[in-house]
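See structure below.
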Amino acid sequence: MEISFTRLRIYRECPWKYKLMFIDGMKIPSTPQSAVGLALHRALESFHRANSEDLEFLLERYGREDKGRRFLEKYFEQNRARRTRIIGNEKEFVYPLGPHMVRGMVDRIDQRPDGGIEIIDYKTQLDQKEYPLADNLQLHFYALGVRECLNLKPSWLTVHYLAAGKTDSIAYDDSGEDELKRLIIETAEHIEAGEFRSDSSFCPRCDFRKGCQFSIARD
Ligand code: SF4
């Protein structure tokens, strides 16, 4: 089967949620916040694809009149001060892992002046919590994909919190790659075997908690 980070994440949150979304085709309803996040991602992709250095161009690509514009103005200033070279923008990777295919899309890949490769993920939510990057499974998933598919050796993992106008980086430690590969393969095997038990520990944060038959957080 083909497994992406989203599929891996959703299965780990709750296998039943995975079934609702990827077998039954239920969609997570769009929210004002998710719409802003999508528009920000698209604007940044378009801005960097055009190699633009013009703030007005970036704001035009965004096309909305809300607080997202302030995030982009902050981003623009911070980006101007960076000394890195962009070598990947919404860069896709696909590679075989055992009998499966692993697919992903990295927001941005930079090369630092010393040659180090930096994997960057944009976080767009206003109330985005900051977690230790060493525990950030998404960035490790991307770093592994970049190494396996694009033949680049990542040195840095970075999250750019657009709403807060902050970045957080750590040196990439590749010692967990074998464990991550095992996790991806095991998850794909559980999915292929149709193992979709419910995991109520995720219910309070689940988008389906109001209607799901196994929900313990309907209120
Ligand atoms: S409401 Fe709970 S049991 Fe239902 S899909 Fe969400 S996390 Fe799983």
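The values are calculated or read from the model by the stated rules, or taken from the named source; none is laboratory data. Since we're looking at a predicted model, the values are computed, not measured. Cβ placement follows ideal geometry from the backbone for every residue including glycine, while neighbour counts extend to all protein chains displayed. The area values use the complete protein model at the heavy-atom level, side chains included, leaving out ligands, DNA and RNA. Shrake-Rupley method; radii C 1.70, N 1.55, O 1.52, S 1.80 Å.
Structure summary
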| item | result |
| --- | --- |
| Residue check for Arg112: surrounded by fewer than 19 Cβ atoms within 10 Å (Cβ to Cβ), in contact (Cβ under 8 Å) with a residue 40 or more places away in the chain and touching an Asp or Glu at 6+ places or on another chain (Cβ under 7 Å) | yes |
| Criterion (closer than 24 Å to Gly37 by Cα, among the β-branched types (Val, Ile, Thr), at pLDDT below 95 and open to solvent by less than 50 Å² (accessible area, probe 1.4 Å)) met by exactly one of Thr158, Thr167, Thr124 | Thr124 |
| Unmet criterion (only one of (1) more than 16 Å from the ligand (Cβ to nearest atom); (2) not in a helix (DSSP H, G or I)) for Ile28 | (1) |
| Selection count where residues are out of contact with any Ser or Thr (no Cβ under 8 Å at 6 or more places or on another chain) and under 14 Å from Ala188 (Cβ atoms), scope segment 95-105 | 7 |
| Segment 67-86, residues that are among the aliphatic types (A, V, I, L, M) and open to solvent by 60 Å² or more (accessible area, probe 1.4 Å) | Ala81, Ile86 |
| Residue among Ala188, Ala217 that is out of contact with any helix residue (DSSP H, G or I) (no Cβ under 6 Å at 6 or more places or on another chain) and touching a residue at least 12 places away in the same chain (Cβ under 8 Å) | Ala188 |
| Conditions (1) of a type in the set (S, T, N, Q); (2) in a helix (DSSP H, G or I); (3) free of Cβ contacts under 8 Å to residues at least 24 places away in the same chain: number failed by Gln138 | (3) |
| Qualifying position, being within 16 Å of the ligand (Cβ to nearest atom), surrounded by 15 or more Cβ atoms within 10 Å (Cβ to Cβ), of a type in the set (D, E, K, R) and more than 30 Å from Asp66 (Cα to Cα), among Asp199, Asp219 | Asp199 |
| Test: Arg182 is under 23 Å from the mean Cα position of the chain (by Cα) and within 16 Å of the ligand (Cβ to nearest atom) | no |
| Residue within segment 164-176 that is hydroxyl-bearing (Ser, Thr, Tyr), under 24 Å from Cys14 (Cβ atoms), outside any strand (DSSP E or B) and more than 16 Å from the ligand (Cβ to nearest atom) present | no |
| Odd one out for Gln33 among (1) under 30 Å from Phe196 (Cα atoms); (2) among the polar types (S, T, N, Q); (3) outside any helix (DSSP H, G or I) | (3) |
| Condition check for Gly37: open to solvent by less than 20 Å² (accessible area, probe 1.4 Å), touching a Leu at 6+ places or on another chain (Cβ under 9 Å) and at pLDDT below 95 | yes |
| Residues that are within 15 Å of the chain's Cα centre (by Cα) and under 20 Å from Gly68 (Cα atoms), drawn from segment 154-166 | Val159, His160, Tyr161, Leu162 |
